[in-house]
1. Taking the C-alpha atoms of region 37-94, how large are the radius of gyration and the largest Cα-Cα span, Dmax, in Å?
2. Along the Cα-to-Cβ line of Arg37, 7 Å from the Cα, sits a label point; which residues in region 179-218 have backbone N less than 17 Å from it?
3. Which percentage, to the nearest 5, of the DSSP beta bridges contained in the chain is antiparallel?
4. Starting from region 111-150, pick out the GluC sites (Glu not before Pro) whose DSSP state is loop and whose Cβ has at most 13 other Cβ atoms within 10 Å.
5. Using the scaling law 2.2 N^0.38 Å as the reference, what is the normalised Cα Rg of region 1-154?
6. Can you sort His6, His69 by how many other beta carbons sit within 10 Å, fewest first?
7. Summarise the long-distance tail of P(r) for region 112-257 by giving the % of C-alpha pairs beyond 26 Å.
8. Rounded to the nearest 500, what is the chain's calculated 222 nm mean residue ellipticity when only DSSP H runs of at least 4 contribute -39500 (n - 2.57) each, over all residues?
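Only the coordinates and a few stated rules stand behind these numbers; no lab work does. Since this is a predicted model, take the numbers as computed values, not measurements. Reconstructed Cβ throughout: ideal geometry from the backbone, glycine too, with neighbour counts over all protein chains shown.
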Amino acid sequence: MIPDDHPRAKSLHYRHKLVEGMHAKVVTPSGLTAHGRGEAFDYLMGEKTLPSAEKAAEIAVCAMLTAKHPIISINGNVAALNPEDFVELSRITGAKLEINLFYQAPGRIEAIEKVLREAGATEILGLGDVESATISELSSNRRIVDPRGIYQADVVMVPLEDGDRTEALVQQGKLVIAVDLNPLSRTAMHAHITLIDNVVRCIPVMISKAKAMKAELEKNTLQYETLKAKVDNYINKDTLKESIKSMIEYLSSRIDF
Ligand code: PTJ
């Protein structure tokens, strides 16, 4: 039980979700280490969404709304942290949810499916109900994909990812959107659009941007061509550089504590 007035209540709350998720087979034990690494980078940015992440979130939504076949890849950590947000983002953008795991173990896919259904998901790919397809450039378990999902996707969102798959998906000509608190990770550097932020903060930001853009598209005050142009003109390296600068500035501001 975490007291509400604990100075780090929010952070402990999410940590607790991961531990519970691990007991329920949703999270792999290595997921706890990955979370700890993420927490450390989150400290360096003051645990807030940076302006560069806001910008990347906007472009990511533009890419999803203009995609022919967008997919959101779901792993154990995101299923434990904020499944409702991913279900909502999927509903608003039309990007389907596909479970894709690095660490496969009996019962994990079913445990994650249960969490997603409880969060309101109606259609979930990657359940193994059809013969799987393979991403030949990959040797990890992530190579096994759903032929109706990641295999044929033009835009793939990979929140909290390991580097190999991002590189393989890029090699396959797909546009990759990553969420990673570490601006120096291979995923962050190889993706086309990287949100340097915590998934629990930036998915709600994406949802509100998607809602606003869709309302404008419906009113004809915004055109799909404009969204496409924003994606084409976006330079991910600038986002990475800006986020690193923000971290340095934040750390410098803390020296006189
Ligand atoms: O559920 P599975 O089997 O698919 O496995 C999922 C993990 C996350 C264990 C697997 O993909 C993995 O090992 O990932 P890595 O290589 O540890 O990379 C995870 C990256 O996510 C690191 O760069 C972390 O800094 C970052 N990260 C951790 N927590 C968050 C995060 N980024 C955004 N939001 C977070 N909450």
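1. Rg and Dmax of region 37-94, Cα atoms, are 13.4, 37 Å.
2. Flagged as within label range: 179-191, 195-199.
3. Expressed as a percentage, antiparallel bridges in the chain total about 10.
4. Glu123, Glu131
5. Numbers: Rg = 16.5 Å, N = 154, 2.2 N^0.38 = 14.9 Å.
Relative to the rule-of-thumb radius for its length, region 1-154 sits at 1.10.
6. Values: His6 11, His69 17.
Ascending Cβ contact count within 10 Å gives the list His6, His69.
7. Numbers: 4057 of 10585 pairs.
Considering region 112-257, 38 percent of its Cα-Cα pairs are separated by more than 26 Å.
8. -17000 deg cm²/dmol
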